[in-house]
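I have placed the structure first, in the form of structure tokens, so that the comments after it can refer back to it.
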Amino acid sequence: MKVHECNPPRQSLIAGAHLGAGLGLKAEHLDDILALPVEEAICTGNSLWFEVHTENYFVAGGPRLNYLRSIRENYDLSFHGVGGSLGYDHQSMPEHIQQVKALINEFQPTLISEHAVWSRSGGAYFADLMPLPRTRDALQSLVEGIDRYQSGIGRRILIENPTNYLDFISEMDEPQFLVEAAQRSGCGLLIDINNLYLSSKNTGIDATEYLSQIPAELVGEIHMAGYDPDPELGQALLIDSHAADIDGPVWALLEHALSLFGHRPVLIERDANIPPFAELMRERQTAQGYLDQCSGHTAVANGFQKEAR
């Protein structure tokens with residue numbers, strides 16, 4: 001890693017300045033997490049935090065919620081939704097939002113995010129994150145979905161860029177689509193670096209040019225993950241598996257993103273082939289190292305804290 005300077009944002013509407021690199025929360029790591037020494041200084045930009053998929057906690061009680069409560073006693077949480085279908089078919093939203101809001105009221109997560117995709121049609125849920133056509137009609141539908149979601153939970157959210165496997169004709173490019181959705185709805189952006197890297201390899205977009213089109217003040221969180229080549233097509237098609245170590249080019253793209261956006265909470269995602277907790281913590285420390293070398297992170301964090309008061 002080389003030392004680089006970070007450009008502080010002009011203004012941010014996003015919480016979480018005190019957060020450093022975080023991990024996706026996995027039940028098999030509970031004992032390891034609870035055995036960690038709790039950090040005392042929470043405003044240094046290096047605090048460990050954990051993210052969960054919100055829908056996994058749509059339960060009335062039991063060990064899963066108790067597990068989350070035990071983590072929340074010592075760590076900040078991020079709620080990352082996968083079933084909101086912000087882009088299409090909003091009729092089923094009220095019941096979904098009601099469950100999300102109940103969890104938010106209890107756990108008070110620092111960050112809340114969803115995907116800029118669609119996953120429902122005609123009331124049927126497809127359990128997948130399908131990209132939207134980047135048209136004006138689709139943009140309007142996404143903005144309406146974000147508005148409903150934010151109004152329903154009473155909080156600002158972040159929306160995540162999708163992984164693209166095929167190129168298709170669009171009325172606007174993806175950065176323009178996401179930025180306009182954020183500006184019109186008042187939400188922020190979650191930049192998934194792995195998704196962007198895979199989209200660049202699968203469809204030929206320029207990842208660095210993509211990042212340059214994102215206003216820093218809109219970015220509230222960054223995701224990092226591993227990928228796998230398609231079993232049949234190999235390197236010609238990369239799959240967002242979250243089942244492998246983070247690759248070198250993805251780390252390099254993170255460094256570039258931080259140079260543009262400044263210090264931001266960075267999440268390490270791992271959803272399959274779960275390694276021992278110590279291995280994930282090593283990846284977390286790598287991410288934290290990039291954040292620590294971001295020379296402007298203290299000034300950025302101070303600006304966030306002043307705004308939050």
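Which chymotrypsin sites (Phe, Trp or Tyr not before Pro) does the stretch 155-258 hold that lie in a coil by DSSP with at most 12 other beta carbons within 10 Å?
Within the stretch 155-258, the qualifying chymotrypsin sites (Phe, Trp or Tyr not before Pro) (loop, at most 12 other Cβ atoms within 10 Å) are Phe168.
Give the separation of the Cα centroids, the stretch 164-193 to the stretch 224-266, in Å.
Cα centroid of the stretch 164-193 versus Cα centroid of the stretch 224-266: 18 Å apart.
Fully extended, how many nm does the chain gain between Ala278 and Thr208 (0.36 nm per residue separation, minus their Cα-Cα distance)?
Stretched fully, the Ala278-Thr208 segment lengthens by 22.0 nm.
Sequence-distant or interchain residues sharing an amide H contact under 5 Å with Glu160, placed H: which?
Those lying under 5 Å, H to H, from Glu160 are Glu114, His115, Ala116, Leu190.
When all C-alpha to C-alpha distances in the stretch 178-288 are sorted into bins of 5 Å, what percent of pairs does each bin hold, rounded to whole numbers?
Calculated over all Cα pairs of the stretch 178-288, the distribution is 2, 11, 22, 23, 19, 13, 8, 2, 0 percent.
In what order, largest first, do Met93, Met130 sit by accessible area if the probe radius is 1.4 Å?
Correct descending sequence by accessible area is Met130, Met93.
What is the extension gain from Gln293 to Gln99, computed as 0.36 nm multiplied by their sequence separation minus the C-alpha to C-alpha distance, in nm to one decimal?
65.9 nm
Quick one: ranking His256, His96 by accessible area, 1.4 Å probe, largest first, what do you get? Write down the numbers at each step before the final one.
Working: His256 65, His96 25 Å².
These residues rank, largest area first, as His256, His96.
Points 7 angstrom from Cα along the Cβ direction at Gln183 and Gln108: gap in nanometres?
3.5 nm
Quick check: residue separation of Glu171 and Leu36 times 0.36 nm, minus the Cα distance between them. What number comes out in nm?
43.7 nm
The values are calculated or read from the model by the stated rules, or taken from the named source; none is laboratory data. Bear in mind the structure is a predicted one, so any value in this text is a computation, not a measurement. Heads up, the Cβs are rebuilt from the backbone with ideal geometry, glycines too, and the neighbour counts pull from every protein chain shown. Each accessible area value is taken on the protein alone, full model and side chains, heavy atoms only, with ligands, DNA and RNA left out. Shrake-Rupley method; radii C 1.70, N 1.55, O 1.52, S 1.80 Å.
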